[in-house]
Amino acid sequence: MSQKVHPYIPNMVPEVQAEMLKVIGTESIMELYSCIPEELQLKEEMKIPPALTEYELRRHIEGLLNKNTSTKEYVNFLGAGCWQHFVPAVCDEVNQRSEFLTAYAGEPYEDHGRFQALFEYQSLVAELVDMDVVNVPTFDWGQAASTSVRMAARITGRKKILLANTVGPERSKIIINYGTPELQFEFVEFNTETGAMDLSDLQAKLTEDVAAVYFENPSYLGFIEVQGPEISKLVKDNKSLLVVGVDPISLGVIAPPSQYGADIVCGDLQPLGMHMNFSGGQAGFIATRDEVEFVQEYPSRLFGIVPTVKEGEYGFGDVFYDRTSFALREKGKESVGTQTALWGITAGVYLALLGPEGMQEVGQTIMQNSQYAAQQLNQIDGVKGSRLASPFFKEFIVDFDETGLTVKEINQKLLKKKIFGGKDLSEEFPEFGQSALFCVTEVHTKEDIDHLVQSIKEILTK
């Protein structure tokens, strides 16, 4: 079978291949695949279309991408796990620097400042969440929450996890999948009028085999859980641990979970300087107190600062390396795996740029915008601008039950007005009927919100 040289596949030149085969003592490439049964080998020539030139390939890919409609063209009110926030230009400038962009897992002598950048990120997030220890980022909030409850199970020696029924459905599936079959999971009910956790149901389910209780604040449904101290007391009385998921951008205006007794705090860094990248750009964090029983259960890397032999000089490196799967291998508690360190550096840049006053200002702006949106929507006949009787941060449930239209129909009509409507909750939370989760952040202007309100009015009057 003749072999063609493909421009995008390396080492296709026959002379190069012959030299490589000679070095490894093999007569042909097919010898390398001798372990594959004959019946599984393709004997005919593959029908691969002719290779495109670089210019043709670029035009083809750009043509595919141009079929997408982005938030640059439409006003966006979608959230539910990936949110549109303003990204300062300096975040992109720093995270595209080659010493960070290409430093996947180097050592101190070759990392060109990556260890220090991650130490600074950890320090800034620790201050934000009012905890002592923060890890190098995980893939996303789902993984961070999954690892957090597994840490709690190892610390307590118990096997049962209680999850608030208001945890994001996709996230709860990740947590259960990640913990099964070693851990058992049970949901705690909530009040459908406020969203708040049902404390009597929690108390009934807090048995001696419960390792931890996990809830999110602000919730996936947007409301702020104001019962944090009461939940914490019930959990502590049961000698279980309290794990709380949090949207970090809310902490400029909302008390961090540590202040109402959280033992482990986790969440998603995406609001801190990361664009929405077609399902990418997520990064999770975990934070705890600086206590050995917690630190030794982190599977991910931790970076610390230490004085060197030279007075006044400091170095940065791995902390408690022996606890990781790098050291323990198959006996590791969890695999360290691939980590989104670049997004950690990005979040560090964002936090350093805004500082405490900036975080408070952006938080206040978000709350003012979201409150205004809910109030305006509430004035539309048949629409409840905020379905839950609880304070909220940037997301809130809008009830369309009395309009005679489904959320799907309303969202389709909004698209014609260049608006991405709220997330349809009718399948995830059928108890709310035809309701949608709307997200309003600092990027939304008064004109954006008024355009949404006027568009819904027009849709409902036709």
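Every residue, every condition in (1) surrounded by fewer than 20 Cβ atoms within 10 Å (Cβ to Cβ); (2) out of contact with any Ser or Thr (no Cβ under 9 Å at 6 or more places or on another chain); (3) within 20 Å of Gly79 (Cα to Cα), yes or no:
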{"position": "Gly168", "(1), (2), (3)": "no, no, yes"}
{"position": "Ser172", "(1), (2), (3)": "no, yes, yes"}
{"position": "Gly195", "(1), (2), (3)": "no, no, yes"}
{"position": "Val213", "(1), (2), (3)": "no, no, no"}
{"position": "Tyr220", "(1), (2), (3)": "no, no, yes"}
{"position": "Ser232", "(1), (2), (3)": "yes, yes, no"}
{"position": "Val235", "(1), (2), (3)": "no, yes, no"}
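Taking the conditions exactly as written (surrounded by 11 or more Cβ atoms within 10 Å (Cβ to Cβ), among the β-branched types (Val, Ile, Thr) and in a helix (DSSP H, G or I)), does Val16 satisfy them or not? Reasoning before the result, please.
Numbers: surrounded by 11 or more Cβ atoms within 10 Å (Cβ to Cβ): yes; among the β-branched types (Val, Ile, Thr): yes; in a helix (DSSP H, G or I): yes.
Judged against the criteria, Val16 is a match.
Applying a threshold of 8 Å to beta carbon distances and a minimum spacing of six or more residues, or different chains, the list of pairs starting in region 358-370 at a residue that is more than 19 Å from Gly422 (Cβ to Cβ) and ending at one that is among the charged types (D, E, K, R) reads Val362/Glu442; Thr365/Glu442.
Considered as a group, the residues in region 275-329 that are in contact with a Pro (Cβ under 8 Å, 6 or more places away or on another chain), assigned to a strand (DSSP E or B) and of a type outside the set (Phe, Trp, Tyr) include one that is modelled with the highest pLDDT, and that residue is Gly284. If Thr441 meets every condition in (1) outside any loop (DSSP other than H, G, I, E, B); (2) surrounded by 22 or more Cβ atoms within 10 Å (Cβ to Cβ) apart from one, which number is that one? Tallying (1) outside any loop (DSSP other than H, G, I, E, B); (2) surrounded by 22 or more Cβ atoms within 10 Å (Cβ to Cβ), Thr441 fails exactly one: (1). Within 23 Å of Thr166 (Cα to Cα) and either touching a residue at least 40 places away in the same chain (Cβ under 8 Å) or open to solvent by 30 Å² or more (accessible area, probe 1.4 Å) (or both), is that true of Ala436? No; evaluated as a whole, the condition is false for this residue. Just one of the numbered conditions (1) under 29 Å from Leu57 (Cβ atoms); (2) assigned to a loop (DSSP other than H, G, I, E, B); (3) without any contact (Cβ under 8 Å) to a residue 40 or more places away in the chain is not true of Tyr8: (3).
Exactly one residue out of Tyr220, Tyr214 is at pLDDT 95 or above and not in a loop (DSSP other than H, G, I, E, B), and it is Tyr214.
Scoring Met46 on the criteria (1) within 16 Å of Asn277 (Cα to Cα); (2) open to solvent by 50 Å² or more (accessible area, probe 1.4 Å); (3) aliphatic (A, V, I, L, M); (4) assigned to a loop (DSSP other than H, G, I, E, B) leaves a single failure, condition (1).
Among the conditions (1) modelled with pLDDT under 95; (2) over 30 Å from Leu354 (Cα atoms), the only one that Leu162 does not satisfy is (1).
For every residue, the table says whether it meets (1) in a loop (DSSP other than H, G, I, E, B); (2) buried (at least 16 other Cβ atoms within 10 Å of the Cβ).
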| residue | (1), (2) |
| --- | --- |
| Leu354 | no, yes |
| Gly363 | no, yes |
| Ile366 | no, yes |
| Gln371 | no, yes |
| Gln379 | yes, no |
| Leu388 | yes, yes |
| Lys413 | no, yes |
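The values are calculated or read from the model by the stated rules, or taken from the named source; none is laboratory data. The structure displayed is predicted, hence computed values, not measured ones. When we count neighbours, we look across all protein chains shown, and the Cβ atoms used for this are built from the backbone with ideal geometry, even at glycine. Heavy atoms of the whole protein, side chains included, go into the accessibility calculation; ligands, DNA and RNA do not. Shrake-Rupley method; radii C 1.70, N 1.55, O 1.52, S 1.80 Å.
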